[in-house]
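Read-outs: derived from the displayed coordinates by stated rules, not from any lab. Values in this document were obtained by computation on a predicted structure and should not be read as measured data. No Cβ is skipped: glycine too gets one built from the backbone with ideal geometry, and neighbour counts run over all protein chains shown.
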Amino acid sequence: MGTPAPWSVLLLAVLVGLCTSPVAQGKPNFIVILADDLGWGDLGANWAETKETPHLDELAAEGTRFVDFHSAASTCSPSRASLLTGRLGVRNGVTHNFAISSVGGLPLNETTLAEVLRAAGYSTAAIGKWHLGHHGHHHPIFRGFDYYFGIPYSHDMGCTDTPGYNVPPCPPCPQHSAATSPTNKDCYTDVALPLFENLTIIQQPVDLSSLVEQYMEAAARFIQQARDSSRPFFLYLALAHMHVPLQIAPPPDRGIYGAALREMDALVGHVKHLADSCGKGSTLLWFTGDNGPWMQKCELAGRLGPLLGAWQRAQGGSPAKQTTWEGGHRVPALAYWPGHVPAKRSSHAMLSTLDVFPTLVALAGATLPPNRRFDGMDVSPVLFGLSDVGHKRHSGVGPPSPALPACLGPGGDPPDGG
């Protein structure tokens, strides 16, 4: 693959193309953006101390922000499986992360959101991290996606030519055929990280410094092709950010995490422009995360905001990813759909990534797969501002949650939206 076009040039070309494209069949388009290891406090709209997310903050101001939104699991594979099936891991069979050596994946008898939407006439694409099986029919091309561009698992699960930042840092891939065994368990040098386009590996090892541009180019190309075909589209964009290694080019002298956060924010801003181009109000954009921050990565981990887990830590727990404490699964979430989703609104409804499946299926006028139990629900009334009621809360045991900082209003909502 050649050098990707600069974002400004790429977007200009795409915007011109979208203006001349026919309108899809009257059904809404869907873009679901899933960030990786993002903290609840990593959005300025959630936490006033965060200054690196102007595009996401704009998205929140022009749409609805969900302050009590949860991933279905606090690790990568189970949370992604639940988003794409609307079912908890105890039902869909994915309760642990898949490894490089895994031969299985999301069970083949599970029906994905992409399969349902494709049957309803949608063009479908998955761009980014998959992590639901990479062998045989577990590949996304066989799970309802017309197009796939991305990496099969986390980008720390294989060596690269631009290893980026980690704690401690990982070396680049060996330069000779004889691979060396890693001395640090966080580093993989035996397998070079592959980049797929559909079923073909187009780059191995991946150049992390160009991954954002390549994802943006693939997303723009897919959206244009979908519009040229007069079909509505579903784009599932699973970002590498903010999972380590954090790759920033050129490397900043300080503030590595903040620089990576700004890069992710810029990418989301470009996707929003793509969604709006000559069809504002035709696309629902839903942004959220797969789980909370990876606190073992110290200064390269995300920000928890008020979810510090002071009581949990005192009892030997943690508020982070890989735990069932709130900081591990309460994630940022924004919905943007001009003319449909109210602007400048914060909802306190308790929602989940499990709700994405049944909600999009309902909005597409499609039907849920029969003969199975779904753990999510259609939350269209909450999206449209007609209700602020989500899942039921159950009384827990143990001491009450610690008081939130004074800058937060009820429910953890910054009173001034900042």
Exercise. Taking V244 and the conditions (1) out of contact with any Pro (no Cβ under 7 Å at 6 or more places or on another chain); (2) crowded, with 24+ Cβ neighbours inside 10 Å; (3) closer than 25 Å to V356 by Cβ, which numbered condition does it fall short on, given that it satisfies the others?
Worked result: (3)
Problem set entry | Residue ID - farthest from F69 (Cα to Cα), chosen from residues in region 346-384 that are of a type in the set (G, A, S) and touching a strand residue (DSSP E or B) at 6+ places or on another chain (Cβ under 8 Å) | A364
Exercise. Which of the residues belonging to region 121-152 are within 20 Å of P205 (Cβ to Cβ) and assigned to a strand (DSSP E or B)?
Worked result: I127, G128, Y148, F149, G150
Seminar exercise, completed: The lone condition L237 fails out of (1) outside any strand (DSSP E or B); (2) buried (at least 22 other Cβ atoms within 10 Å of the Cβ); (3) not acidic (D, E) is (1)
Exercise. Out of all the residues in region 78-97, which are under 16 Å from T324 (Cβ atoms), buried (at least 20 other Cβ atoms within 10 Å of the Cβ) and small (G, A, S)?
Worked result: S79, S82
Seminar exercise, completed: Over region 133-150, the set of residues in contact with a strand residue (DSSP E or B) (Cβ under 7 Å, 6 or more places away or on another chain), farther than 10 Å from L106 by Cβ and of a type outside the set (A, V, I, L, M, F, W, C) is G144, D146, Y147, Y148, G150
For this session: Hand me the list of helices (runs of 4 or more DSSP H) wholly inside region 17-119 holding 2 or more residues that are touching a Phe, Trp or Tyr at 6+ places or on another chain (Cβ under 9 Å).
Result: 54-61, 76-85, 113-119
For this session: Of all residues in region 277-315, count the ones that are without any contact (Cβ under 8 Å) to a residue 40 or more places away in the chain, among the polar types (S, T, N, Q) and more than 19 Å from G39 (Cα to Cα).
Result: 1
Seminar exercise, completed: Picked from region 261-279 (must be more than 15 Å from the chain's Cα centre (by Cα) and over 16 Å from Y336 (Cβ atoms)), the residue surrounded by the fewest Cβ atoms within 10 Å (Cβ to Cβ) is C278
For this session: Those residues that are in contact with a helix residue (DSSP H, G or I) (Cβ under 8 Å, 6 or more places away or on another chain) and either of a type in the set (D, E, K, R) or surrounded by 22 or more Cβ atoms within 10 Å (Cβ to Cβ) (or both), I need them from region 52-63; list them, please.
Result: E52, T53, L56, E58, L59
